[in-house]
Amino acid sequence: MRLSVPKRAGLNLIALAYVMVLVFPVVLMFLNAVRTEGEITQYPVALPHVITGENFREIFTESTFLANLWNSLIVSGLTVCLTIVVTAPAGYAMSRFRFRGKWLFSTWLLATQAFPGIIMVLGVFMLFRTYKLLNSQLGLVVMHTSFSVPFSVWLLKGYFDRIPSALEEA
């Protein structure tokens, strides 16, 4: 079905407006990155008069940006590795083995996803305080891993369910 020219023009205008709403903040962010602070406060939405790299120099030399980035990479990398190591065998076992309570365990995995994480904050805080895991990378890794285990096991179970058993036996 071909659209008439006015309808197509109208859809293109709507799409253009949508793209502008998405792209404008990103363009503004890059423009403000190469402007001085005074120029940003004086003319918030304008092209830079003088392009400067001072903001980037300040981020890399005078702030803790690189240390924070390194900490984030360590925590996220360890969390992903630990989550895969813990949940891949569990997802495989849930998919391939028959055992008593399998349905109950599957239901429990899905039920844990129904609770908002904020409900568990006080309990997690008290537990981490007891084991002295507050303000540590290990505490973050343990917390992120424990919160991602139910969903990851459920996701991997579905993945292993789609792999034919005959493929494993071959």
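Among the residues of segment 81-109, those identified as closer than 13 Å to Val153 by Cα and within 20 Å of the chain's Cα centre (by Cα) are Leu82, Thr83, Ile84, Val85, Val86, Thr87, Ala88.
Of the helices (runs of 4 or more DSSP H) lying entirely inside segment 57-154, those carrying at least 3 residues that are at pLDDT 90 or above and aliphatic (A, V, I, L, M) are 65-96, 121-130. From the list Arg98, Arg57, the one residue that fits, being in the same structural domain as Met29 (by TED's automatic domain parsing), without any contact (Cβ under 8 Å) to a residue 60 or more places away in the chain and of a type outside the set (Phe, Trp, Tyr), is Arg57. Remark: pairs (first residue in segment 33-44, more than 17 Å from Ile59 (Cα to Cα); second residue surrounded by 15 or more Cβ atoms within 10 Å (Cβ to Cβ) and not polar (S, T, N, Q); Cβ separation under 8 Å; 6+ apart in sequence or on different chains) = Glu39/Pro48. Sub-6 Å Cβ pairs linking a first residue in segment 121-134 that is under 14 Å from Thr145 (Cβ atoms) and not assigned by TED's automatic domain parsing to the domain that holds Thr145 to a second residue that is part of a helix (DSSP H, G or I) and among the aliphatic types (A, V, I, L, M), at least 6 apart or interchain, number zero. Scanning segment 1-32 for residues that are over 18 Å from Ile59 (Cα atoms) and touching a helix residue (DSSP H, G or I) at 6+ places or on another chain (Cβ under 8 Å) yields one hit, Leu3.
Determine, yes or no, whether Leu47 is more than 23 Å from Val142 (Cβ to Cβ) and not assigned by TED's automatic domain parsing to the domain that holds Val141.
Spelling it out, Leu47 is indeed more than 23 Å from Val142 (Cβ to Cβ) and not assigned by TED's automatic domain parsing to the domain that holds Val141.
A single member of Val121, Val153, Val149 is over 12 Å from Thr87 (Cβ atoms) and surrounded by 10 or more Cβ atoms within 10 Å (Cβ to Cβ), and it is Val121.
The values are calculated or read from the model by the stated rules, or taken from the named source; none is laboratory data. What you are looking at is a predicted structure, and each value in this text was computed from that prediction instead of being measured. Here Cβ is always computed from backbone atoms with ideal geometry, including for glycine, and neighbour counts include all displayed protein chains.
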